[in-house]
Amino acid sequence: MLTDLLQNIYGRIAQLGKAIQELKNSLDALNKNIEQKITNLSGKLHEFSTEINITQTKHIDAVKEIGAVTTKELVKIQEGLGLDAITNLINKLEDIVKISESVLNQDTVNLLLSEAIDSAKILKKSVE
């Protein structure tokens with residue numbers, strides 16, 4: 001009976017050792033699986049980061065290209081509408097206004113009117 005009891009204890013210890021060994025194998029497989037998943041995730045994150053950098057660069061280049069083309073088209077439209085010519089005309093008209101203001105100041109106008117009136121009086125006297 002004591003022998004049976006010892007054999008039972010020995011059998012249980014053996015089963016426990018076997019269960020512990022299976023648990024260790026399962027934990028090793030789980031650790032290996034987790035390590036593989038972390039490696040895959042790290043690789044995917046690196047690929048994603050690279051893709052973001054490439055996409056970001058492409059977007060910036062596309063926006064720069066759109067800006068350059070838009071600027072060229074705006075210049076063409078400006079030239080086509082004659083906005084430069086209108087601006088030049090406005091500048092020349094402003095120059096004429098400045099010159100006219102200096103020529104047609106009150107003193108000059110008074111002098112011209114006085115001479116015109118005097119000329120008219122002289123003509124009237126000569127006609128009479």
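The values are calculated or read from the model by the stated rules, or taken from the named source; none is laboratory data. Just so you know, these numbers come straight off a predicted model, no measurement behind them. Every residue, glycine among them, receives a Cβ derived from its backbone with ideal geometry; neighbour counts consider all protein chains shown. SASA here: full protein model, heavy atoms, side chains in, ligands and nucleic acids out. Shrake-Rupley method; radii C 1.70, N 1.55, O 1.52, S 1.80 Å.
Run down Thr39, Thr55 and say which single residue is under 53 Å from the mean Cα position of the chain (by Cα), modelled with pLDDT under 90, part of a helix (DSSP H, G or I) and polar (S, T, N, Q).
So the residue among Thr39, Thr55 that is under 53 Å from the mean Cα position of the chain (by Cα), modelled with pLDDT under 90, part of a helix (DSSP H, G or I) and polar (S, T, N, Q) is Thr55.
Would a scan of the range 105-112 turn up a residue that is modelled with pLDDT of 80 or more and among the charged types (D, E, K, R)?
Looking for residues that are modelled with pLDDT of 80 or more and among the charged types (D, E, K, R), one finds none in the range 105-112, hence no.
Open to solvent by 90 Å² or more (accessible area, probe 1.4 Å) and part of a helix (DSSP H, G or I), is that true of Glu73?
no
On the given criteria, is Leu23 free of Cβ contacts under 8 Å to residues at least 60 places away in the same chain and either in contact with a Gly (Cβ under 8 Å, 6 or more places away or on another chain) or surrounded by 10 or more Cβ atoms within 10 Å (Cβ to Cβ) (or both)?
Spelling it out, Leu23 is indeed free of Cβ contacts under 8 Å to residues at least 60 places away in the same chain and either in contact with a Gly (Cβ under 8 Å, 6 or more places away or on another chain) or surrounded by 10 or more Cβ atoms within 10 Å (Cβ to Cβ) (or both).
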